[in-house]
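The values are calculated or read from the model by the stated rules, or taken from the named source; none is laboratory data. Computed from a predicted structure; not experimentally measured. We place every Cβ from the backbone using ideal geometry, glycine too, and count neighbours over all the protein chains shown. SASA here: full protein model, heavy atoms, side chains in, ligands and nucleic acids out. Shrake-Rupley method; radii C 1.70, N 1.55, O 1.52, S 1.80 Å.
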Amino acid sequence: MTLEKDTILSQLKSASEAYYNNEEQIMTDEDYDELSSYAESQGWLKQDSKVNDGAKLDLNNVIVHSIPMLSLAKAKNKQDLLLFLERIDKSTDKLNTYKIEPKLDGLAISLKYDNGTLVGVYTRGTGTQGENASHLIDNPDLSITTFCKNVPKNISEVRGELVCSKADLLYNNEQRGENFKNERIAAAGLLKKSELGLGYKAKLDFVA
């Protein structure tokens with residue numbers, strides 16, 4: 001049985017909103033990718049871009065990214081990867097070398113600097129707009145020891161991922177007295193709730 005366009009887009013939108021707003025997962029990553037690929041092959045996602053814009057922002061706390069924080073594209077097979085490498089080499093007019101590393105399932109954030117000193121932290125949000133999360137700097141409850149608080153003065157921004165390791169998840173669960181469902185939800189929940197104070201000590205990592 002073939003699902004109608006509106007049904008598929010509605011399912012994708014609900015799953016996207018649950019993921020980006022840290023609600024209980026309603027679709028596995030594999031199922032989402034399969035359904036999303038089908039919708040994309042039908043040309044439906046281009047007509048309904050809000051499916052991929054699941055983040056809900058606090059409109060009183062929004063900033064605009066000077067350069068959009070785009071999401072990663074997927075390579076589904078060897079040919080996709082070869083085409084990506086060819087496109088990059090052509091656009092840079094040279095042969096490039098690459099470093100392969102695991103994809104981190106956390107929260108993309110931007111660190112802003114003034115004269116080499118960290119002055120602001122912002123979430124990815126929708127990619128073009130994010131939320132001010134500068135309460136993470138020197139937060140009394142939430143320790144992020146890997147934050148780059150000082151950088152060379154010619155650097156104005158560092159982007160990366162805010163993540164919760166398995167070891168930190170165990171620590172955070174113990175301190176909280178209640179278990180987070182998984183590492184990503186722990187990172188998202190601690191980011192949000194630490195603004196008003198957690199009432200316990202917690203740890204996260206930043207990977208630039």
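Restricting to segment 114-140, and then to whatever is aliphatic (A, V, I, L, M) and not in a strand (DSSP E or B), can you tell me which residue is farthest from Asp205 (Cα to Cα)? Don't jump to the end; show me each part of the working.
Of segment 114-140, the ones aliphatic (A, V, I, L, M) are 118-119, 121, 133, 136-137.
If we keep only those that are not in a strand (DSSP E or B) too, we end up with 133, 136-137.
Values: Ala133: 15, Leu136: 12, Ile137: 13 Å.
Only one residue tops the list, namely Ala133.
Among the residues of segment 167-182, is there at least one that is surrounded by 19 or more Cβ atoms within 10 Å (Cβ to Cβ), under 27 Å from Leu72 (Cβ atoms) and under 17 Å from the mean Cα position of the chain (by Cα)?
no
List the number of the failed condition for Ile185; all other conditions in (1) open to solvent by 60 Å² or more (accessible area, probe 1.4 Å); (2) within 27 Å of Pro68 (Cβ to Cβ) hold.
It fails just one condition, (1).
Restricting attention to segment 109-119, does a residue exist that is touching a residue at least 40 places away in the same chain (Cβ under 8 Å) and touching a helix residue (DSSP H, G or I) at 6+ places or on another chain (Cβ under 7 Å)?
No - not one qualifying residue is present in segment 109-119.
Within the group Lys153, Lys193, which residue is more than 14 Å from Gly106 (Cα to Cα) and free of Cβ contacts under 8 Å to residues at least 24 places away in the same chain?
Details: Lys153 fails: free of Cβ contacts under 8 Å to residues at least 24 places away in the same chain.
Step by step, each of Lys153, Lys193 is checked, and only Lys193 is more than 14 Å from Gly106 (Cα to Cα) and free of Cβ contacts under 8 Å to residues at least 24 places away in the same chain.
Would you pick out the residues in segment 52-82 that are in a loop (DSSP other than H, G, I, E, B), surrounded by 14 or more Cβ atoms within 10 Å (Cβ to Cβ) and at pLDDT below 60?
Going through segment 52-82, the residues in a loop (DSSP other than H, G, I, E, B) turn out to be 53-58, 65-77.
Within this subset, residues satisfying the condition of being surrounded by 14 or more Cβ atoms within 10 Å (Cβ to Cβ) are 53-55, 57, 65, 69.
Matches in segment 52-82: Asp53, Gly54, Ala55, Leu57.
Within segment 83-108, restricting attention to residues that are touching a helix residue (DSSP H, G or I) at 6+ places or on another chain (Cβ under 8 Å) and under 22 Å from Gly127 (Cα atoms), which residue is most open to solvent (accessible area, probe 1.4 Å)? Reasoning before the result, please.
Kept after step one, since they are touching a helix residue (DSSP H, G or I) at 6+ places or on another chain (Cβ under 8 Å), are these residues of segment 83-108: 95-96, 98, 105-107.
Imposing the further condition that a residue be under 22 Å from Gly127 (Cα atoms) reduces the set to 105-107.
Working: Asp105: 77, Gly106: 7, Leu107: 29 Å².
Per the criteria, the residue is Asp105.
I'm trying to understand the selection: among the residues of segment 141-156, which are in a loop (DSSP other than H, G, I, E, B), under 21 Å from Gly189 (Cβ atoms) and not hydroxyl-bearing (Ser, Thr, Tyr)?
From segment 141-156, those in a loop (DSSP other than H, G, I, E, B) are 141, 144-149, 151-156; that's our starting set.
Those still in the list that are under 21 Å from Gly189 (Cβ atoms) too: 141, 144-147.
Across segment 141-156, the qualifying residues are Asp141, Ile144, Phe147.
Could you give me the residue pairs with C-beta distances under 7 Å whose first residue belongs to segment 134-149 and is farther than 13 Å from Gly199 by Cα, whose second residue is open to solvent by less than 30 Å² (accessible area, probe 1.4 Å) and aromatic (Phe, Trp, Tyr) wherever it lies, and which are 6+ apart or on separate chains?
Ile144/Phe206; Thr146/Phe206; Phe147/Phe206
What are the residues in segment 112-159 that are among the β-branched types (Val, Ile, Thr), under 17 Å from the mean Cα position of the chain (by Cα) and open to solvent by less than 30 Å² (accessible area, probe 1.4 Å), if any?
Of everything in segment 112-159, those that are among the β-branched types (Val, Ile, Thr), under 17 Å from the mean Cα position of the chain (by Cα) and open to solvent by less than 30 Å² (accessible area, probe 1.4 Å) turn out to be Val121, Thr123, Ile144, Val158.
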